[in-house]
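The structure appears below as structure tokens.
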Amino acid sequence: MRENGWDDFFMSVVSFCELHCVDVPNMGGRYMTGTRRSCQQKDFITIEHAYRIDVFNNVIDCMMRELNDRFPKQTVELLTLSSALDPHNSFMSFNIEHICKLAQKFYPADFLPHELKALEVELKYFQNDIKRLPCFKEITTLSQLCQQLVETTLGENYYLIDRLVRLVLTFPVSTTTTERAFSCMRIIKNRLRSTISDEFLGDCMILHIEREFANAIDNASIIEEFKSSKPRRVRF
């Protein structure tokens with residue numbers, strides 16, 4: 001879009017302006033800054049150059065930096081290899097080589113060397129079954145695939161595939177938990193509580209992140225457990 005998207009983007013802006021009766025400046029005219037006095041103009045640049053280079057390209061470059069920071073090469077590779085297990089469109093993205101590489105590179109602690117070889121054999125049989133068995137035709141998500149392997153006898157034949165699918169399913173959950181942890185950290189450890197200890201901060205974060213479970217805890221039971229832990233000077 002940075003290299004070839006300006007013309008289409010500009011035409012859409014012109015169409016919007018014409019629809020809402022907004023004047024479109026002469027893009028070949030001189031771009032004026034400040035109070036538009038000549039002494040304040042450092043360079044002679046056109047209005048098109050100002051909007052295209054200083055605004056349009058800068059916004060795209062900023063977006064690219066954010067995307068590259070958010071999705072580094074290792075994360076992109078993990079997502080790409082994980083997509084080989086996607087059952088969408090009758091397992092259109094299924095790729096044995098990518099799945100084996102996923103298990104070998106990103107989950108070496110969960111698959112022994114002999115299990116990696118067995119996984120490749122399982123995948124070959126699995127590739128035939130997803131084309132032959134009707135139970136795989138209606139599966140569109142990884143969670144449905146995992147449930148199908150658990151609830152049927154297929155899980156016994158494809159236990160390594162089931163293990164890998166479960167590991168892939170934990171990826172978005174672990175990422176979301178990390179994001180929630182950083183968000184609540186800024187709420188709990190603020191300017192007024194800057195000296196809070198790490199242990200107490202961790203306990204508060206757990207209560208904040210898992211507040212659905214914390215709200216279900218009865219205060220009376222907490223008081224009783226606290227009272228029975230050791231003798232107190234003050235009666236609760």
Quiz item: Among Phe94, Phe16, which comes first, then next, by fewest other beta-carbon atoms within 10 Å?
Solution: Phe16, Phe94
Exercise. Mind checking region 100-186 for GluC sites (Glu not before Pro) that DSSP puts in a loop (not H, G, I, E or B) and that have at most 11 other Cβ atoms within 10 Å?
Key: Glu138
Quiz item: Tell me, what is a quarter of the convex hull surface for the C-alpha atoms of the chain, in nm² with one decimal?
Solution: 26.8 nm²
Quiz item: What trypsin sites (Lys or Arg not before Pro) does region 121-206 have in DSSP loop regions with at most 14 other beta carbons within 10 Å?
Solution: Lys137
Practice problem: Calculate how steeply helix 96-106 sits against the longest principal axis of the alpha-carbon atoms of the chain, using the helix alpha-carbon long axis, and give the answer as 0 to 90 degrees to the nearest 10. | Solution: 80 degrees
Quiz prompt | Radius 15 Å from Cβ of Ile196, net charge of other residues (Lys, Arg +1; Asp, Glu -1) | solution = +1
Exercise. Report, to the nearest 10°, how far helix 198-209 tilts away from the longest principal axis of the Cα atoms in the chain, using its own Cα long axis and a range of 0 to 90°.
Key: 80 degrees
Self-check item: Violating pairs (Cα-Cα greater than 31 angstrom) within the set Lys117/Lys137; Lys73/Lys131; Lys101/Lys189
Solution: Lys73/Lys131; Lys101/Lys189
Quiz item: What is region 99-236's relative contact order, in percent, from Cα pairs under 8 angstrom and six or more apart in sequence?
Solution: 15 percent
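Since every read-out is calculated from the coordinates, none of them should be taken as a lab result. Keep in mind it's a predicted model, so treat the numbers as computed, not measured. FYI the Cβ positions are ideal-geometry reconstructions off the backbone, even for glycines, and counts take in every protein chain you see.
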